[in-house]
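Everything on this sheet refers to the single structure shown next.
The values are calculated or read from the model by the stated rules, or taken from the named source; none is laboratory data. Just so it is clear, the structure is predicted and the values come from calculations on it, not from any experiment. Neighbour counts run over all protein chains shown; Cβ positions are idealised from the backbone, glycine included. Surface accessibility is based on the protein's heavy atoms, side chains included, excluding ligands, DNA and RNA. Shrake-Rupley method; radii C 1.70, N 1.55, O 1.52, S 1.80 Å.
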Amino acid sequence: MSNRPKKFGKKGKTFSEKILKILSQNANKPYNYKQIAAILELDDTKSRNEIIKDLKILAAQKVIIETEPGKYLVKAISQDYYEGTIDMTSRRTAFFICPELEEDVFIPTNNLNRALDKDTVKVYIYNRRKGRRPEGEVIEIIERAKTEFVGVIDIQKNFAFVSTANPKMYTDIFIPKDKIGEAQQGDVVIAKIEDWPKKADSPFGSIIKVLGKQGEHNTEIHAILAEYGLPYDFPIEVEVFAQKLDTTIQESEIKKRRDMRDTLTFTIDPKDAKDFDDALSFKKLENGNYEIGVHIADVSHYLQEGTVLDDEAYKRATSVYLVDRVVPMLPEVLSNFACSLRPNEEKYTFSAVFELNEKAQLMNQWFGRTVIHSNQRFSYEEAQYIIESNTKNLNSDKKELLLDDTTKNNISSSKTKGNTIPEEISITGKAYQVPDDIVAATLKMDELAKILRRHRMSDGAISFDKVEVKFNLNEEGEPEGVYFKISKDANHLIEEFMLLANKKVAEFIGKQKKTFIYRIHDEPNEDKLFNLQTVISKFGYSINLKSKTEISKSLNTLLQDVVGKKEQNLIDTLTIRSMSKAKYSTENIGHYGLAFDYYSHFTSPIRRYPDVMAHRLLQHYLDGGKSVDAELYEEKCVHSSNMEGLATNAERDSVKYMQIKFMQDHKDQEFLGVISGVTEWGIYVEIVENKCEGMCRIREIRDDYYTFDDKQYALVGEISKNILQLGDEIYVKVKNADLVKKQLDFNFIRKNE
């Protein structure tokens, strides 16, 4: 006999399904037919007889248990009931995701039963016969993923509705008149779901915050943050606590630390950086080796556990880097001042000090708390100029580097002891004075970093140097232009020594078999790699899937081969998507992408809470402490990974928002683009010159009637047989740039033959 409940009524619903839902939602309480009928609001004899009949059938099927005559409980363990999460599609259907199941379960619209995206639910699964796609019905909402939603309010005479731009939110929210608050027609608001009555089509809610007028810059940025539950200011009690901290450098504290104030130390950061949480020191030793210090802001000195400041930092877990602003993890008094390793200021740091020989081999290492004095602040552009110039443009008498037009416009520096670097340089060829020892240190560290990088690549690390889209903003935060951030030698110099510190700190504790916060990265999923292979083959590339080593090598070759090609950004993006997601965990499985057996995040505690935890744990173990509770720290790892994901989504949305805003002013311009995605409803196109991505809808491509060919990842013209596929170059114009829906639509002009 089939376990699937029998159908009834016009919509194919069943009494059995409703009975199971009631019993499952009250799993420890037995019900009789009268109680079930009352819940279902059925009082006619025919319906009651149907309920009695179905109860007996379900009991015979052993789906439910008759605990006493006429009273029933749902079976405690059933192969048809599972707990998991809902993943909504944009078509009002969903998939049920459960680790216990081999495949995701399809949930039709009429079986959602008010479940929303990412809710934790209990689902009854049917259609489990071989060869048929399993389907399910939500029978219980265990926990809402979120109850607060960002949307636009539409106020009627006696009520209002809030509708969201999120395609996965399939319902609007009903707001009673007395819960509209101060919201005005068309405002962007945050609505909180408070109830969803049984017979109501929409959930009931209230307005808890008005973000501002639709389309205004700050309103839309705040809406992006609110969509992911991210704050944009600190609670007053946290600000007050931070302001009262003693941030002075005390002699009594210095005596507890390794004093490295006399060692040559400098920072290299982006030109627009506000906080500097890492510095490098350099010293040549008498034995000919080099002492390289990686000095990290000692945030944990100020951020004490059990305080409102620490609670807020943990809650945020990360800083959020939007296009036009940073939402910091820590208040400004710490992030930009006390903990920022600014030049010519003494700072408390937590350091990893390495002794390397000429071959960049590690001869010795030391970890602990220090105090430093940074001699110089460099931007990446300045450090890059020193590296590229090497000794060719160095005047041996004056030790001056001559700036070209590009470099001089990128300079943003501060004063140093005995040497002044101008705040702005506007005259081509103006002398830029650099201390001899800093030039020598930069060049030697660049040399060592390149050796470290070569070794890492030969060990199987994958070189992801994806081009980042950046915007030139005016004083009002409006985008005036687009440029691309590309990693060069100066970036790699910093990267290699930060990686070395992260790796060695993790290895130091990991080999002691003590609980620690690791940054882990699993091997790529085979299915995703096969999908990547299918796509890149259309461009003439391939990857070797025979072994872990061969995969890494061929991925690196692929990433090198596409540099400068029209398809570079597309293939870079698809390759990154084929990788597993890195996350935090106390269970160390290594880091596939970096080819490290041990890896942690230690070097950015101003902007990442896991780094703060790593500092605390390292000091605890240096002091001889016992291994801490792994379960407690795993919970903190999961929270940190989740918050990192939300921040990444918000950052991505802010880039999309700014791209759309930028394209609003270019509606009459024709652009060359590359097809970056093909679906049954149209093609996604990425503009070559600014990486903005939008869609050409299939029904609006006028030169033919196109249909989707899933085997070719292409649209095919019915008459002309013209093919539009991944990587093709086409010309487009902006049709619509919708800031509210975050959508960019293009008109197809022609293919670039």
Regarding region 448-456, can at least one residue be identified that is of a type in the set (A, V, I, L, M, F, W, C), over 23 Å from Val563 (Cα atoms) and open to solvent by less than 60 Å² (accessible area, probe 1.4 Å)? yes
The one condition Val294 fails out of (1) assigned to a loop (DSSP other than H, G, I, E, B); (2) buried (at least 24 other Cβ atoms within 10 Å of the Cβ); (3) not small (Gly, Ala, Ser) is (1)
Criterion violated by Ala490 - all others in (1) open to solvent by less than 60 Å² (accessible area, probe 1.4 Å); (2) closer than 30 Å to Tyr713 by Cα; (3) touching a residue at least 60 places away in the same chain (Cβ under 8 Å) satisfied: (2)
Of the residues that make up region 307-322, is at least one modelled with pLDDT of 95 or more, aromatic (Phe, Trp, Tyr) and open to solvent by less than 10 Å² (accessible area, probe 1.4 Å)? no
For the structure I just gave you, tell me whether Glu253 is under 16 Å from Val308 (Cα atoms), at pLDDT 95 or above and in a helix (DSSP H, G or I). no
Taking region 495-510 and keeping only residues that are open to solvent by 10 Å² or more (accessible area, probe 1.4 Å) and farther than 15 Å from Gln365 by Cα, one is left with Glu495
A careful count of residues in region 16-34 that are more than 14 Å from Ile139 (Cβ to Cβ) and exposed (fewer than 15 other Cβ atoms within 10 Å of the Cβ) gives 3
Reported set for region 467-487 where residues are open to solvent by 40 Å² or more (accessible area, probe 1.4 Å), under 21 Å from the mean Cα position of the chain (by Cα) and over 16 Å from Phe378 (Cα atoms) is Glu468, Lys470, Phe484, Lys485, Ile486
Selected residue (criterion: farthest from Arg519 (Cα to Cα)) from residues of region 608-639 that are among the β-branched types (Val, Ile, Thr) and part of a helix (DSSP H, G or I): Val612
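Condition check ((1) free of Cβ contacts under 8 Å to residues at least 60 places away in the same chain; (2) within 23 Å of Ala226 (Cα to Cα); (3) in contact with a Cys (Cβ under 8 Å, 6 or more places away or on another chain)) across all residues:
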site	(1), (2), (3)
Asp117	yes, yes, no
Thr120	yes, yes, no
Tyr124	no, no, no
Val150	no, yes, no
Lys157	yes, no, no
Residue among Asn642, Asn544, Asn588 that is of a type in the set (S, T, N, Q), in a loop (DSSP other than H, G, I, E, B) and surrounded by fewer than 17 Cβ atoms within 10 Å (Cβ to Cβ): Asn544
When region 160-181 is examined, which residues are found to be touching a residue at least 60 places away in the same chain (Cβ under 8 Å) and open to solvent by 70 Å² or more (accessible area, probe 1.4 Å)? Pro167
Conditions (1) more than 17 Å from the chain's Cα centre (by Cα); (2) open to solvent by 40 Å² or more (accessible area, probe 1.4 Å): number failed by Lys583: (1)
Please work out which residue is nearest to Gly727 (Cα to Cα), limiting yourself to region 668-694 and to residues that are open to solvent by 20 Å² or more (accessible area, probe 1.4 Å) and touching a helix residue (DSSP H, G or I) at 6+ places or on another chain (Cβ under 7 Å). Ser676
Considering Ala383, Ala441, Ala449, which residue is modelled with pLDDT of 95 or more, part of a helix (DSSP H, G or I) and closer than 29 Å to Ala338 by Cα? Ala441
Taking the condition assigned to a strand (DSSP E or B), open to solvent by 20 Å² or more (accessible area, probe 1.4 Å) and at pLDDT 90 or above, does Lys656 pass? no
Return the residue satisfying two criteria in turn: it lies in region 594-620 and is crowded, with 21+ Cβ neighbours inside 10 Å and of a type in the set (A, V, I, L, M), and of such residues it is farthest from Leu632 (Cα to Cα). Ile606
Restricting attention to region 419-438, does a residue exist that is among the hydrophobic types (A, V, I, L, M, F, W, C) and at pLDDT 90 or above? yes
If you go through region 348-366, how many residues are surrounded by fewer than 16 Cβ atoms within 10 Å (Cβ to Cβ) and assigned to a strand (DSSP E or B)? 4
Could you list, in sequence order, all residues of region 182-194 that are under 31 Å from the mean Cα position of the chain (by Cα) and open to solvent by 80 Å² or more (accessible area, probe 1.4 Å)? Glu194
Any residue in region 577-593 that's more than 14 Å from Tyr633 (Cβ to Cβ): show its pairings with residues that are β-branched (Val, Ile, Thr) and not in a loop (DSSP other than H, G, I, E, B) at Cβ separation under 8 Å, as long as the two are six or more apart or on different chains. Ala582/Ile520; Ile589/Ile520; Gly590/Ile520; His591/Ile520
Among the residues of region 115-122, is there at least one that is modelled with pLDDT of 95 or more, within 27 Å of Ala650 (Cα to Cα) and in contact with a helix residue (DSSP H, G or I) (Cβ under 9 Å, 6 or more places away or on another chain)? no
Name the single residue, out of those in region 726-751 being modelled with pLDDT under 90 and either of a type outside the set (Asp, Glu) or open to solvent by 50 Å² or more (accessible area, probe 1.4 Å) (or both), that is nearest to the chain's Cα centre (by Cα). Lys742
Going residue by residue through region 263-274, is there one that turns out to be open to solvent by less than 60 Å² (accessible area, probe 1.4 Å), assigned to a loop (DSSP other than H, G, I, E, B) and of a type in the set (Val, Ile, Thr)? yes
